[in-house]
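Colleague: Pasting in a structure now, in structure tokens, and then I'll have a few things to ask.
The values are calculated or read from the model by the stated rules, or taken from the named source; none is laboratory data. Bear in mind that the values here come from a model prediction, so they are computed numbers and not experimental data. Note that each Cβ is placed from the backbone with ideal geometry, even for glycine, and that neighbours are counted across all protein chains shown. SASA here: full protein model, heavy atoms, side chains in, ligands and nucleic acids out. Shrake-Rupley method; radii C 1.70, N 1.55, O 1.52, S 1.80 Å.
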Amino acid sequence: MPVKFYTLNSGNKIPSIGLGVYLTPISVAEEISLDALEAGYKHIDSAQFYKNEHEVCAAIAAWLKKDPVNNKREDIFYTTKIFDSDHGYELTKKAIEVSLERAKDIGYIDLVLMHSPQSNYEKRHGSWLALQEAVAAGTVKNIGVSNYGIKHLKELLAYQDLKIRPAVNQIEVHPWLTRTELVAYCQAEGIVIEAYSPLAKGRKFDDPLLVSLAEKYSKTTAQILINWSLVKGFVTLPKTVSKQRLLPNLEAGDFELSAEDIKALDAKDEYFITGWDPTVYPLDNEKEA
């Protein structure tokens, strides 16, 4: 069976399934986040760009207050991200302060990511220095990146003043976008892969193989895709605004696809991007070439 937690290179544990809240409207973000926590979720993934950090943190705070004896802050993993426009040492320091202010009722942030590599060397480097300082201050427990390709990771890992390696790289990954080389590189470097859009935004739910596997295992197509992520060793972040889908998504780790079926799903790879792909963003020297 897939594990319920992974251990990051920081030594901290991260729940293997989290609720993604990208494009979750402010009007429902707090309610669906609280519903998720009450359904058993221990991990919610937000970002400054999503404009719902305050609502997610309010939901966590409400859940903690509801049952102080059993609902503990240390059991919840809250992630946010610094957007590209706030890259650079000073801007990132200020952005972290903003996110911490929104999270003041929950005390600290478990993970802060650089949302993508789309700036330049100086700004990316400055941002990482600011993130390292936040960890040293104790207000942020883990730091990582999102949408980084191999070349961006190599650049980061080569910083002369690198003190903290990225704990995760959050990327779009699913059977139609397996990113084999990038995944292998991250795993070799001890960087946990977080899979966003693990359901390919529902655009492949009618795939004949996926439908047949759902029938074979008596599961939903979404559960098959979430399970694929877990078997691969990814933290998976399915998004939903439906209370009815929360528990089925969370229970998707309660079975295991066969090696043969995993291989069949892997063969679906076709570089199917559902949103954006900053992993191909050029480095400074590539722009000049």
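Colleague: Out of everything in the range 101-124 that is open to solvent by less than 40 Å² (accessible area, probe 1.4 Å) and assigned to a helix (DSSP H, G or I), what residue ends up being farthest from residue 287 (Cα to Cα)? Talk me through it step by step, then tell me what you get.
Modeller: Filtering the range 101-124 down to residues open to solvent by less than 40 Å² (accessible area, probe 1.4 Å) leaves 103, 106, 109-117, 119, 124.
After this cut, where a residue has to be assigned to a helix (DSSP H, G or I) as well, the list is 106, 124.
Working: 106: 42, 124: 16 Å.
Among those residues, the one meeting the criterion is 106.
Colleague: What number of residues within the range 62-93 are buried (at least 18 other Cβ atoms within 10 Å of the Cβ) and either closer than 25 Å to residue 13 by Cβ or modelled with pLDDT under 95 (or both)?
Modeller: Of the residues in that region, 9 qualify.
Colleague: Looking at residue 221, is it under 30 Å from residue 108 (Cα atoms), surrounded by fewer than 22 Cβ atoms within 10 Å (Cβ to Cβ), without any contact (Cβ under 8 Å) to a residue 60 or more places away in the chain and not small (Gly, Ala, Ser)?
Modeller: Values: under 30 Å from residue 108 (Cα atoms): no; surrounded by fewer than 22 Cβ atoms within 10 Å (Cβ to Cβ): yes; without any contact (Cβ under 8 Å) to a residue 60 or more places away in the chain: yes; not small (Gly, Ala, Ser): yes.
The answer is no for residue 221.
Colleague: Now for a separate question. I'm checking my understanding of the structure. Among residues of the range 257-283 that are under 19 Å from residue 230 (Cβ atoms) and of a type in the set (D, E, K, R), which one is surrounded by the fewest Cβ atoms within 10 Å (Cβ to Cβ)?
Modeller: Filtering first and then ranking leaves 260.
Colleague: Now for a separate question. Are any of the residues in the range 8-22 farther than 25 Å from residue 92 by Cβ, more than 16 Å from the chain's Cα centre (by Cα) and not small (Gly, Ala, Ser)?
Modeller: Pass one, the range 8-22, residues farther than 25 Å from residue 92 by Cβ: 13, 15-17, 19.
After this cut, where a residue has to be more than 16 Å from the chain's Cα centre (by Cα) as well, the list is none.
Scanning the range 8-22, I find no residue that is farther than 25 Å from residue 92 by Cβ, more than 16 Å from the chain's Cα centre (by Cα) and not small (Gly, Ala, Ser), so the answer is no.
Colleague: While we're on this one: What residue, of 149, 144, is small (Gly, Ala, Ser) and within 14 Å of the chain's Cα centre (by Cα)? Spell out how you get there, then give the answer.
Modeller: Working: 149 fails: within 14 Å of the chain's Cα centre (by Cα).
Among 149, 144, only 144 is small (Gly, Ala, Ser) and within 14 Å of the chain's Cα centre (by Cα).
Colleague: Kindly evaluate residue 226 against the criterion of being within 28 Å of residue 36 (Cβ to Cβ), part of a loop (DSSP other than H, G, I, E, B), of a type in the set (A, V, I, L, M) and under 21 Å from the mean Cα position of the chain (by Cα). Explain how you work it out, then say what you get.
Modeller: On the way: within 28 Å of residue 36 (Cβ to Cβ): yes; part of a loop (DSSP other than H, G, I, E, B): no; of a type in the set (A, V, I, L, M): yes; under 21 Å from the mean Cα position of the chain (by Cα): yes.
The answer is no for residue 226.
Colleague: Looking for whichever is farther than 24 Å from residue 136 by Cβ and of a type in the set (Lys, Arg) here; the options are 104, 42, 81, 13. Which one fits?
Modeller: 42
Colleague: Follow-up. Determine which member of the set 260, 181 is of a type in the set (Asp, Glu) and under 22 Å from the mean Cα position of the chain (by Cα).
Modeller: Numbers: 260 fails: under 22 Å from the mean Cα position of the chain (by Cα).
Exactly one of 260, 181 is of a type in the set (Asp, Glu) and under 22 Å from the mean Cα position of the chain (by Cα), namely 181.
Colleague: Which residues, counting only those in the range 28-77, are free of Cβ contacts under 8 Å to residues at least 60 places away in the same chain, more than 16 Å from residue 108 (Cβ to Cβ) and among the acidic types (Asp, Glu)?
Modeller: The answer is 30, 31, 38, 55, 67.
Colleague: Would you be able to say whether some residue in the range 238-255 is modelled with pLDDT of 95 or more, in contact with a Pro (Cβ under 6 Å, 6 or more places away or on another chain) and surrounded by 18 or more Cβ atoms within 10 Å (Cβ to Cβ)?
Modeller: Taking every residue of the range 238-255 in turn, at least one turns out to be modelled with pLDDT of 95 or more, in contact with a Pro (Cβ under 6 Å, 6 or more places away or on another chain) and surrounded by 18 or more Cβ atoms within 10 Å (Cβ to Cβ).
Colleague: Another question, then. Within the range 152-208, which residues are in a helix (DSSP H, G or I), open to solvent by 60 Å² or more (accessible area, probe 1.4 Å), of a type outside the set (Val, Ile, Thr) and more than 20 Å from residue 125 (Cα to Cα)? Outline the logic, then answer.
Modeller: Of the residues in the range 152-208, the ones in a helix (DSSP H, G or I) are 152-157, 180-188, 200-202, 208.
The next check asks that each one be open to solvent by 60 Å² or more (accessible area, probe 1.4 Å); those that pass are 154, 180-181, 187-188, 201, 208.
Now restrict to residues that are of a type outside the set (Val, Ile, Thr): 154, 181, 187-188, 201, 208.
Hits for the range 152-208 are 181, 187, 188, 201, 208.
Colleague: Would you confirm whether or not the range 132-147 contains a residue that is part of a helix (DSSP H, G or I), touching an Asp or Glu at 6+ places or on another chain (Cβ under 7 Å) and at negative phi?
Modeller: Of the residues in the range 132-147, the ones part of a helix (DSSP H, G or I) are 132-137.
Those still in the list that are touching an Asp or Glu at 6+ places or on another chain (Cβ under 7 Å) too: none.
Within the range 132-147, none of the residues are part of a helix (DSSP H, G or I), touching an Asp or Glu at 6+ places or on another chain (Cβ under 7 Å) and at negative phi.
Colleague: Hey, any hits in the range 193-214 for a residue that's in contact with a helix residue (DSSP H, G or I) (Cβ under 6 Å, 6 or more places away or on another chain), closer than 28 Å to residue 96 by Cβ and either modelled with pLDDT under 95 or among the hydroxyl-bearing types (Ser, Thr, Tyr) (or both)?
Modeller: So far as the range 193-214 goes, no, none of its residues is in contact with a helix residue (DSSP H, G or I) (Cβ under 6 Å, 6 or more places away or on another chain), closer than 28 Å to residue 96 by Cβ and either modelled with pLDDT under 95 or among the hydroxyl-bearing types (Ser, Thr, Tyr) (or both).
Colleague: For the range 145-187, name all the residues that are closer than 21 Å to residue 262 by Cα and free of Cβ contacts under 8 Å to residues at least 24 places away in the same chain.
Modeller: 184 - this is the single residue of the range 145-187 that is closer than 21 Å to residue 262 by Cα and free of Cβ contacts under 8 Å to residues at least 24 places away in the same chain.
Colleague: Further question: If you go through the range 2-44, how many residues are assigned to a helix (DSSP H, G or I), within 15 Å of residue 246 (Cα to Cα), open to solvent by 10 Å² or more (accessible area, probe 1.4 Å) and not aliphatic (A, V, I, L, M)?
Modeller: 4
Colleague: Same structure, new question: Mind counting the residues in the range 191-234 that are within 18 Å of residue 270 (Cβ to Cβ) and touching a Ser or Thr at 6+ places or on another chain (Cβ under 7 Å)?
Modeller: Number of matching residues: 10.
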